[in-house]
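Undergrad: Once you've had a glance at the structure underneath, I'll fire off some questions.
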Amino acid sequence: MTNTLPKFDNPPVVETVMSVQFAPLADFSPPYAGWYWKHCLGDQWTRVDLASPLPDQSERFEDEARWRRPGIRVELSPAPEPVRVQIVQDDDERMIQIQKTRFIYNWRKRGSTYPSYATLRPEFDGQLAKFSAFIEQARLGALEPNQWEMTYVNHIEKGVLWDRPDDWPNVLPGFYTVGPSVSGRRFESFGGEWHMVIEPNRGRLHVAVRHGKIGEPGGAEVLVLQLTARGPLGQEKARDLDSGLRLGHETIVRSFAAMTSDVAHRHWRRTT
């Protein structure tokens, strides 16, 4: 198998996310995020929003970790406080998100083309280094990473590669088959999730496909294909984070190429 990763001149990716999860910073709070914003980031980072924290994730591989007991589980708890801070660049394309257990770097498509992993990864590394130095300067402890994560979100719009749900197997042949034929019924929509171990227990790939609309209710119809790879970090944190993110990127790119059709590849102008 060639080591060359598939490449596309016009991929359908609309968002990428690079993230590291770490042991909780017990004293971290939004005021510290404001301090970090003003003292560690440049003038192009112009907006701050607050959001609810993301739940921690832990990819485990023992047998019991793969199964949940059947039945409905109800937990009553107060709504979480908005302690995920989102710092956004003035062009709205790049965003840094921080909370007690995560540092996240987003790119969102806002008219420009996807800048590639080779461009975004050094940006992530540089911003994470600044954040780590700030945490130590503010005497909040030291980052203790425990998991890496990468996500690619793709929008496959209606009108070129597909016009109705019956066309979806022509785009994602490994995930969709022709809709079930039932007298007096027309196949309208379908979505699903798939979860795959990255052998040998180095992480997992989570694939989600859904049918929806962009933005307002009257927005364009799209197939949303989201691929998330994540895995645990070992003792050598820096090396494992680097190799983990590279593994996640490679897994997502190869999986995306494997699950999409040759017709779609030609439309997205595959070069390798």
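Undergrad: Spin-label point model (7 Å from Cα, Cβ direction): what's the residue 90 to residue 213 distance in nm?
TA: The two pseudo-label positions are separated by 3.5 nm.
Undergrad: Can you tell me the FRET efficiency between residue 38 and residue 109 if r is taken as the Cβ-Cβ distance and R0 is 30 Å, rounded to the nearest 0.05?
TA: 0.60
Undergrad: Assuming 0.36 nm per residue, please report the length gained on full extension of the stretch residue 47 to residue 194 beyond their Cα-Cα distance.
TA: Result for the pair: 49.4 nm of gain on full extension.
Undergrad: Ok, one more. Please work out how much length the chain gains when fully extended from residue 58 to residue 239, using 0.36 nm per residue of separation minus the C-alpha to C-alpha distance, in nm with one decimal.
TA: Taking residue 58 through residue 239 to full extension adds about 63.3 nm, to one decimal.
Undergrad: Per DSSP H run of n ≥ 4, the term is -39500 (n - 2.57); total these for the chain, divide by its residue number, and report the mean residue ellipticity at 222 nm rounded to 500 deg cm²/dmol.
TA: When only DSSP H runs of four or more count, the value is -7500 deg cm²/dmol.
Undergrad: Still on this structure, I have one more. Counting only Cα, what are the radius of gyration and maximum Cα-Cα distance Dmax of the range 190-272, in Å?
TA: Using the Cα atoms of the range 190-272, the pair Rg, Dmax is 15.8, 50 Å.
Undergrad: Return a whole-number percent for the relative contact order of the range 202-271, with Cα pairs under 8 Å and 6 or more residues apart as the contact set.
TA: 26 percent
Undergrad: So, one more: For a protection proxy built on the mean count of beta-carbon atoms within 10 angstrom, sort 106-113, 167-174 highest first, please.
TA: Going from most to least packed, we get 167-174, 106-113.
Undergrad: If you don't mind, there's one more thing I want to ask. Compute the Cα gyration tensor for the range 1-63, then decide on rounded, prolate or oblate, letting a ≥ b ≥ c be the square roots of its eigenvalues: rounded whenever a/c is under 1.5, prolate when a/b is larger than b/c in the other cases, and oblate in all that remain.
TA: Because a/c hits 1.5 or more and a/b fails to exceed b/c, the range 1-63 counts as oblate.
Undergrad: A further question on this structure: Could you calculate the contour length gain from residue 144 to residue 160, that is, 0.36 nm times the residue separation minus the distance between their Cα atoms, to one decimal place in nm?
TA: My answer for the length gained is 1.1 nm.
Undergrad: Still on this structure: If you average 1/r across every pair of different Cα atoms in the range 115-159 and take the reciprocal, what Kirkwood value do you get, in Å?
TA: When all Cα pairs of the range 115-159 are included, the Kirkwood radius is 13.3 Å.
Undergrad: Roughly how many Å is it from the Cα centre of the range 2-64 to that of the range 198-261, as a whole number?
TA: Their Cα centres are 14 Å away from one another.
Undergrad: Something else about it: Percent relative contact order of the chain, based on C-alpha pairs within less than 8 angstrom and at least six residues apart?
TA: Relative contact order for the chain comes out at 26 percent.
Undergrad: Which entry in (i) 34, 22, 21; (ii) 26, 21, 20; (iii) 27, 24, 17 is this structure's computed semi-axes √(5λ) of the Cα gyration tensor in Å?
TA: (i)
Undergrad: Work through the residues other than residue 11 whose Cβ is under 11 Å from its Cβ and net out their charges, Lys, Arg +1 and Asp, Glu -1.
TA: +3
Read the figures in this text as sums done on the coordinates, not as results from a lab. Since the structure is predicted, the reported quantities are computational estimates derived from the model, not experimental observations. For neighbour counting, all protein chains shown are included, and Cβ atoms are generated from backbone atoms with ideal geometry for every residue, glycine included.
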